[in-house]
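Peer 1: Structure in structure tokens, see below.
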Amino acid sequence: MSMQVFRCSAARRSLCSSCLLFRRTNYSQSALSSVAGCREDPKASASAGPSGRTRTATWSDTHHAVANTRNPLDPTRLDRYLASIRTADLEPTLDDVERCKPEGFSRADSSRYAAEYRNLLETLCRSFSKDQLRRFTQLYKLDPIWTRSSRRKTEYAESIIEKAWGWPSLKEMERKRRDTTEVLVKSFTITPSQLFLIMGKDGADLLQLSMQYSVHISLTSNPLALRVEGLRGSLKGLTEYISSFKKGIIDEIFELPTGHLIRPDLLQRISRLSGAYVENHGNRGKVRICAKDFNDINAAKRLALRASLEVGTQAHTVCYDPPSKTRDSPIEISEPHRYSIYPFVTPCSFPWTMHSGGAFRLRRVADWLGVDSYEDIASTGGLTHNPHRLLNLNQLGHILISSGDNSQRATIFPPLRGTLSLPDALKWVETSGTPLTFVPSVPPALMTVTVGKRGVIHRLIYRTLPQIAGQISTVPQHVLRFEMELSGPPSTSTRATQDLENSPKLKNMQSSDKSNPSVDPLSSQGNVSQLDSLPETLNCMWDSRCQVGRETYVNLMLPDRPMDVQLCVFDWDGITLMQQPQALREYADKLRCFLTNKAQLPQPDPPSTFRYEGRAYYLHDSLSLRQSNNPNLLSTIPSDCRADNLVEVCSESIVDLQSTQKMELCQVKFDATIEGQSWKYFLAACDQLSVASLESRNEKDKPEPAYLDK
């Protein structure tokens, strides 16, 4: 039997292609003839006679025509099968879908997991309908967001796999893989103010962003944008940060009371000190401030106000020309001297309101044949006997000449080169309009003096608007000086000063220009930040005093000496506590709470402006200083110990709370209201302190002021 089947099968396979073609052609002709017969008259078809061949062909053709013209919307055999199951109450249950659940899965970040996930998804979609999968999500009690009717079939299956069975999302794993492997480049268009705030001081914030998101950030200029290159995931996080950062920027317009525009170089320094972007807005004395928080906004306002108050308020300057002969001898001491402008460097930072580009000082040209380059006050008589030698040009320190160039590049090339006589040099200073700035410093004679106990004082200085007459203000300004002495036990006053000077506001404004540690007023106080709280038994007295009056400055230029002098006249009246401005009293109360309360209270800001006795006062200086309680007494006549020959000399270590700059100040005080105070001893003390050279001298080498009458 098997042999017959094999032979039959072999015979069928042995038919040649021509035979098969003949059979296929014959069938096609028969089908066509039957179709043509169907199109003829039915009566003619019926009269053909009952032929079996004709009936078979007619049925086959009709079957194919019906198959080709079936409506695609009609249910398929599978649909009819599933409908029969539902009719028989055989709806699938969770047990049926659980049979498709594997026992486990591979590691989510492997390639095998992707294949397993796709196979399982295909199995669920092939085994169940969309309605059944949706019903399974409802039986699993998933969140309504996963069971809503608007989802696709594959989404129901994915919800069952991920939410009910706990498989990691394949789409999420692929996204993470792209985020950690694909490197993209994206540009963020920004404005100059946004760039300044994103960069931070010296670009520290931008560097931190680059390190935090592991991206490379560069700057393009046309248009202004940040070009960022990094992984897809890092760029996504950085995009969200920059978008949130831009929305949080505060923009405010501040109108200056003086109505003066601020120099561009000062705008850059104000922006750097305050951490806010500041620019001139129009030409009517308005500035636009952009910052990340309101503390930076307020700091920028105070600095802008101070810069506007100093516009056109250059102090009156006088120059001292020492005589070429003594008053007792007609013999010439030396030939007429020559003068030149030399570069100047200070051990501490220059005032932030000073013109940038370099600082210079007018000095006598040294005589290399042995004659001292400084004035010999023992021979000339100094300021005491030569008041007529003051030449009109229009604390102790140096009167500096700016380069006149507001560029940020420092230079050692003076604005005037060569050597000139003193009158010619002064004429150039007067006609060129070069700004002069007095920078306080400590005389060399006091650098080695041991400083005694120092009291801690918080000082606020308010000024009225300057009355401009030409290019400088010649009318004395009204000044209100408020001081708050931080007395009490040493640990208490030190802690209070540390809190005042090291507050978070000042830490955010720390200048990158570090001062010399020798002039740091906090260096000798030690670290007191470890004091957690003040003892309850301390009863500190925070004395405050207020003075109001008129103040004027005169700069005394001494080109024949290593130091210059600034004379300050303050005609003041005291104000009792109850008569003090209400704004200052409220500030004093808040400051006491800040310095003594255990709670983390915010540091109060001093009032920027207030009115007192019909005048508007504006904040000019906010200082924290340490002042010697026992001033040094400088004897103008060493052989005489009378009290009226002793002049009070005090030193102050100052921290500017607005700009964080630190300086040392030396003051020679003369009180005209005290009986016995003589003006000539005051000038003699200025002579002794300003004439001491920078070279160290022994006591026997120091000149004795023998020119004073005993």
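Peer 1: Just to be sure, is VAL456 at pLDDT 75 or above, under 23 Å from ALA616 (Cα atoms), among the aliphatic types (A, V, I, L, M) and assigned to a strand (DSSP E or B)?
Peer 2: no
Peer 1: Now for a different question. Taking the stated definitions as given, is ILE262 touching a helix residue (DSSP H, G or I) at 6+ places or on another chain (Cβ under 7 Å) and closer than 22 Å to ASP202 by Cα? Quick ask: steps written out before the conclusion?
Peer 2: Numbers: touching a helix residue (DSSP H, G or I) at 6+ places or on another chain (Cβ under 7 Å): yes; closer than 22 Å to ASP202 by Cα: no.
For ILE262, the condition - touching a helix residue (DSSP H, G or I) at 6+ places or on another chain (Cβ under 7 Å) and closer than 22 Å to ASP202 by Cα - is not met.
Peer 1: While we're looking at this one, here's another question. Quick one: in segment 401-435, which of the residues that are within 24 Å of GLU310 (Cα to Cα), at pLDDT below 85 and aliphatic (A, V, I, L, M) is least open to solvent (accessible area, probe 1.4 Å)?
Peer 2: For segment 401-435, the residue satisfying everything is ILE401.
Peer 1: Select the strands (runs of 3 or more DSSP E) contained entirely in segment 584-658, then report the ones holding at least 2 residues which are under 38 Å from the mean Cα position of the chain (by Cα) and either among the hydroxyl-bearing types (Ser, Thr, Tyr) or at pLDDT 80 or above (or both).
Peer 2: Working: elements: 609-612, 615-628, 632-635, 646-656.
By residue number, 609-612, 615-628, 646-656.
Peer 1: On the basis of being under 15 Å from the mean Cα position of the chain (by Cα), modelled with pLDDT of 90 or more and either in a helix (DSSP H, G or I) or within 30 Å of ARG615 (Cα to Cα) (or both), does LEU235 make the cut?
Peer 2: So LEU235 fails the test.
Peer 1: Just for segment 224-261: of the residues that are among the hydroxyl-bearing types (Ser, Thr, Tyr) and crowded, with 16+ Cβ neighbours inside 10 Å, which one is farthest from THR180 (Cα to Cα)?
Peer 2: For segment 224-261, the residue satisfying everything is THR258.
Peer 1: Any chance you could count how many residues in segment 284-310 are out of contact with any Phe, Trp or Tyr (no Cβ under 9 Å at 6 or more places or on another chain), surrounded by fewer than 17 Cβ atoms within 10 Å (Cβ to Cβ) and within 21 Å of THR191 (Cβ to Cβ)?
Peer 2: 2
Residue-wise test of (1) among the charged types (D, E, K, R); (2) modelled with pLDDT of 90 or more; (3) within 30 Å of HIS216 (Cα to Cα); (4) open to solvent by 80 Å² or more (accessible area, probe 1.4 Å).
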residue	(1), (2), (3), (4)
SER129	no, no, no, no
LEU142	no, yes, no, no
THR180	no, no, yes, yes
THR191	no, yes, yes, no
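Peer 1: Check segment 344-366 and report whether any residue there is in contact with a Cys (Cβ under 7 Å, 6 or more places away or on another chain), modelled with pLDDT under 80 and crowded, with 20+ Cβ neighbours inside 10 Å.
Peer 2: no
Peer 1: Next question. Out of all the residues in segment 120-142, is one or more touching a Phe, Trp or Tyr at 6+ places or on another chain (Cβ under 9 Å), more than 30 Å from LEU235 (Cα to Cα) and small (Gly, Ala, Ser)?
Peer 2: no
Per-residue answers, yes or no, for (1) within 20 Å of ASN298 (Cα to Cα); (2) of a type in the set (Phe, Trp, Tyr):
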| position | (1), (2) |
| --- | --- |
| SER193 | yes, no |
| MET199 | no, no |
| ASP205 | no, no |
| TYR213 | no, yes |
| GLU229 | no, no |
| LEU235 | no, no |
| ILE242 | no, no |
| ILE262 | yes, no |
| ALA276 | yes, no |
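Peer 1: Can you tell me which residue among GLU174, GLU91 is part of a helix (DSSP H, G or I) and charged (D, E, K, R)? Even if it seems obvious, please write down each step before you answer.
Peer 2: On the way: GLU91 fails: part of a helix (DSSP H, G or I).
After ruling out the rest, the residue left standing is GLU174.
Peer 1: Quick one: ALA378 ticks every box in (1) modelled with pLDDT under 70; (2) under 48 Å from the mean Cα position of the chain (by Cα) except a single one, so which number is it?
Peer 2: If we test ALA378 against (1) modelled with pLDDT under 70; (2) under 48 Å from the mean Cα position of the chain (by Cα), just (2) comes out false.
The values are calculated or read from the model by the stated rules, or taken from the named source; none is laboratory data. Treat the numbers as computed from the prediction; the structure is a model and nothing was measured. Methodologically, a virtual Cβ is constructed for each residue, glycine included, from the backbone with ideal geometry; neighbour enumeration extends over all protein chains shown. These area figures cover heavy atoms from the full protein model, side chains too; ligands, DNA and RNA do not enter into them. Shrake-Rupley method; radii C 1.70, N 1.55, O 1.52, S 1.80 Å.
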